[in-house]
Structures are given as C-alpha cells and as structure tokens.
Amino acid sequence: MIPITEHITLEDDEIQESFIRSSGPGGQNVNKTSTGVQLRFNAATSPALTDYVRTRLLSLAGSRATADGVIIITATEHRSQLANREEALARLVALIRQ
C-alpha cells in the first residue's frame, strides 16, 4: 500500500511501471540500460480517490493526464532505476496531495 494522506491510500497494483532509456550523464552505459521510469496511474478508475480529489488531480496533472484519466509521470534524472522509481512515485504522491 502507498500512503498518500491520512485518508487516501493507493493499492500497489494501481501503479504500473515501465522502464525506458534515459538520456544525460552516464557514459557509455546510458545507451545500454533502461534506467528511466514511466509510471502510470489510472486516476479515473481509482477507488481510493473521491470525485472531488479525482477532478482536481486531473486538472492539476494537465498534459501529464491522458483523455482517459491516466496520469503518466516520467523520471530519467538519475543514473539508477531505483532512484528514478522513487522520484516518479514521489512526484505522483506530491501531485495527489496538492
């Protein structure tokens, strides 16, 4: 479970991750490994969100939200997959808390 606020908790299976190649620092390794993370969260169907929170979240997400209500967050700043996963999840949590 992923705690968001005192009243909102997401199930682990509500988040899908896919790994992508990162650009930037990393030397020759950067073109061989998929350290970037693309996180997907379907806000439109999440049972953890109230209608008010869902509407506000999709509004705040802007271009990061698809027409179907899926929020996509990409993190490629770090050289490790773990750090990018943590960064993407932290950004999602911060967005929902807003």
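A few remarks follow.
- Enumeration of residues in region 39-97 that are in a loop (DSSP other than H, G, I, E, B), without any contact (Cβ under 8 Å) to a residue 40 or more places away in the chain and open to solvent by 40 Å² or more (accessible area, probe 1.4 Å): Ala44, Thr45, Pro47, Thr50, Thr66, Ala67, Asp68
- Check on Thr35, open to solvent by less than 50 Å² (accessible area, probe 1.4 Å) and modelled with pLDDT under 90: yes
- Annotation note: of Arg79, Arg40, Arg85, the sole residue that is at pLDDT 95 or above and of a type in the set (Lys, Arg) is Arg40.
The values are calculated or read from the model by the stated rules, or taken from the named source; none is laboratory data. Bear in mind the structure is a predicted one, so any value in this text is a computation, not a measurement. Cβ: placed from backbone, ideal geometry, glycine included. Neighbour counts: every protein chain shown. These accessible areas exclude ligands, DNA and RNA; they are computed on the full protein's heavy atoms, side chains included. Shrake-Rupley method; radii C 1.70, N 1.55, O 1.52, S 1.80 Å.
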